[in-house]
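The next block holds one structure in the form of structure tokens; read it before the comments.
Here, each number is a calculation from the coordinates, and none is a lab measurement. What you see is a predicted model; the values in this text were computed from it and never measured. Every residue, glycine as well, gets a Cβ built from its backbone with ideal geometry; the counts of neighbours run over all protein chains shown.
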Amino acid sequence: MKVGLIGLGKMGLNLGQNLLDHHHNVVAFDLNTAAVEELTSKGAEGAASLKELASKMESPRIFWIMVPHGVVDSVIDELVPVLSKGDIVIEAGNSHYKESIARYNKLKEFGVSFLDVGTSGGMEGARNGACYMIGGDEEAWNIVEPIFKDTAVENGYLYAGKAGSGHFLKMVHNGVEYGMMAAIGEGFEVLEKSDFDYDYEKVARVWNNGSVIRSWLMELTEQAFSKDANLDSIKGVMQSSGEGKWTVETALDLQTATPVIALSLLMRYRSLENDSFTGKVVAALRNEFGGHAVVKN
Ligand SMILES: O=C(O)[C@H](O)[C@@H](O)[C@H](O)[C@H](O)COP(=O)(O)O
């Protein structure tokens, strides 16, 4: 299929390469022309503007937006004048599900279908097989399913239902991610404070082999400790991009008690002021899976 890929940052560039690997045609646009050149050198067609990108597409025209959360609306506003009835817009960043429902309704007025897609698995997933949570019109979904099937890991995509359901699912996923990462960080902090002299890389490795808590996060923990045995080079500052906060806000609206997720969010805020070993582990994990910046010591 032919995909108009808008946004070639950490995730978009990897996704573009993944699409090309699976013999899809990619027309790529980003304000960063070096990123466009990088993808065209791998076989994509480049575009210097959204208008040019649209002119290079074929029906059904599929536009895949992969840009940071704060610029999604401006990209959609710029895209609207070049869209026509029957086009499909996929937005696969970390958006709030309510924003996605609003975008779906707005594009519906132009006869354009909108799919909200939560993408998990970080840069590695985008490159070699991601996990997708998808919401929006089923007819549009049926058209684009092959590109998700090809760029996901096996069994790594779910069409969840009506508009907003994809990003809602990704939001809750991230809330779970906050809680799991906090628990891993706290566990290592207890080890760190103890009288024993553990090698944390080896601890993460043994926990990854046969134990109940083996997981990709634990593999990344092992990876992080292999690079920096005691995480001495970074501060325990745990940034957040908003999904954990949205999960807690939504849970409150639904009168649902989510103490683990809520506390892990509050501990992230606290970490902006106080350093901790838990914070170092969580900061290192965010860096491992998402390439998110760490604060260096
Ligand atoms: O599932 C994933 O692959 C991650 O959740 C990913 O979407 C991302 O790296 C988040 O943005 C991190 O979220 P925080 O910045 O809130 O930690």
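Before moving on, here are some points about what is shown:
- Of 86, 212, 9, farthest towards positive along the dipole that unit charges on Lys, Arg, Asp, Glu beta carbons give the chain: 86
- Residues within the reach of a label modelled at residue 1 (point 7 angstrom out along Cα to beta-carbon, backbone nitrogen below 19 Å), restricted to segment 36-76, are 44-45, 53-67.
- Sequence-distant contacts, meaning Cα pairs under 8 Å at least 6 residues apart, place the relative contact order of the chain at 14 percent.
- Amide H contacts under 5 Å for residue 161, placed H, 5+ residues apart: 136
- In this simple spin-label model, placing a label point 7 Å from the Cα along the Cα-to-Cβ direction at both residue 229 and residue 201 gives a separation of 0.9 nm.
- Ordered by the number of other Cβ atoms lying within 10 Å of each residue's own Cβ, fewest first, 59, 215 fall into the sequence 59, 215.
- Annotation: segment 229-274 has a Kirkwood hydrodynamic radius of 11.8 angstrom, from the mean reciprocal C-alpha pair distance.
- Here segment 70-194 is treated with +1 on each Lys and Arg Cβ and -1 on each Asp and Glu Cβ, and its dipole about the Cα centre works out to around 180 debye.
- The protection proxy used here, the mean number of other Cβ atoms lying within 10 Å of each residue, ranks peptides 21-32, 84-95 as follows, highest first: 84-95, 21-32.
- Simple spin-label estimate for residue 25 and residue 287 in nanometres, 7 Å along Cα-Cβ: 4.3
- Remark: the residue 108-residue 153 segment gains 13.2 nm on full extension, using 0.36 nm per residue and subtracting the alpha carbon distance.
- Calculated FRET efficiency for the pair residue 138/residue 55, C-beta based, R₀ 35 Å, to 0.05: 0.75
- Virtual spin-label span in nm between residue 269 and residue 193, 7 Å along Cα→Cβ: 2.2
- Degrees, to the nearest 10: 243-253 long Cα axis against longest axis of the chain: 90
- Burial order of peptide ranges 36-49, 157-170 (average beta-carbon count within 10 Å, highest first): 157-170, 36-49
- Cα-derived Rg over Rh, computed across segment 1-130 with Rh taken as Kirkwood radius: 0.93
- Within segment 122-251, the percentage of alpha carbon pairs spaced more than 23 angstrom apart rounds to 48%.
- Cα coordinate range in the chain, projected on the principal axes (Å, largest first): 66, 47, 36
- The chain: calculated mean residue ellipticity at 222 nm from DSSP helix runs of at least 4, using -39500 (n - 2.57): -16000 deg cm²/dmol
- Debye, to nearest 20: dipole size of the chain, +1 on Lys, Arg Cβ, -1 on Asp, Glu Cβ: 280
- A Cα-only calculation for segment 101-140 places Rg and Dmax at 12.7, 36 Å.
- Segment 191-297 - convex hull of the alpha-carbon atoms, volume per residue in Å³: 121
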